[in-house]
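Some notes on the structure that comes next.
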Amino acid sequence: ARIRTARVSAAFSASRVLIQLYWDLGRSIVDRQRVRGWGKAVVERLANDIRAEFPGVAGFSSRNLWLMRALFLAYGEGTSNPLRSVMELDGKMLPKELASIPWGHNIDLLSKLKDPAQRLWYAKAVLQHGWSRPVLVHQIESNLYERQGKAVTNFKATLPPPQSDLAEQAVKDPYTF
């Protein structure tokens, strides 16, 4: 059990480090495009340079580099982020929830959701419930964010406050029912 736990922990740590690297590469691409006037061709060249320097290392295709740029633009400095005042979306660091989920999950969040608050909500749900990518996609496509907490109940009218709050939370949990 300890070996399994250690292996899973190591995998999650490696994933976090890679996501942070992707965030930093995205920032570098955006900075250089702004300051040095880099164009689209430079991303393709960067992908080729990385492949030449690190043969056999996957994850640095031009498509993936564009996704890294998109990750930074979605949460980075200078973006019009309605949650700018919220500490977890300060624009200087990738929110810890997004750094804690696998890259594929982040790609799905970026490609399927425009609202940063929704992305962060789903990222927290992935961590809380351990959703796989297909489950995450299903939850997004079934509009779980919009649906959660919308069930009509009479809990507040019929139960005392502690029980009514717990009952409402139980109904909101997608795994309860």
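The values are calculated or read from the model by the stated rules, or taken from the named source; none is laboratory data. Owing to the predicted nature of the structure, the values given are computational and were not obtained by experimental measurement. Ideal geometry is used to build each Cβ from the backbone, glycine not excepted, and the neighbour counts take in all protein chains shown. What goes into the accessible areas is simple: the full protein's heavy atoms, side chains included, and nothing from ligands, DNA or RNA. Shrake-Rupley method; radii C 1.70, N 1.55, O 1.52, S 1.80 Å.
A count restricted to segment 1-41 and to residues that are touching a helix residue (DSSP H, G or I) at 6+ places or on another chain (Cβ under 7 Å) and part of a loop (DSSP other than H, G, I, E, B) stands at 1. Would it be correct to say that TRP23 is within 17 Å of GLU97 (Cα to Cα) and either open to solvent by 50 Å² or more (accessible area, probe 1.4 Å) or of a type in the set (A, V, I, L, M, F, W, C) (or both)? Yes: the conditions hold for TRP23.
Scanning segment 1-41 for residues that are of a type in the set (A, V, I, L, M, F, W, C) and in contact (Cβ under 8 Å) with a residue 12 or more places away in the chain yields PHE12, LEU18, ILE19, TRP23, LEU25, ILE29, VAL30.
Identify the residue in segment 1-59 that is of a type in the set (Phe, Trp, Tyr) and over 26 Å from the mean Cα position of the chain (by Cα) and, among all such residues, is modelled with the highest pLDDT. So that I can check it myself, show each step before the final result.
Of the residues in segment 1-59, the ones of a type in the set (Phe, Trp, Tyr) are 12, 22-23, 38, 54.
Within this subset, residues satisfying the condition of being over 26 Å from the mean Cα position of the chain (by Cα) are 38, 54.
Numbers: TRP38: 76, PHE54: 95.
Ranking the qualifying residues of segment 1-59, first place goes to PHE54.
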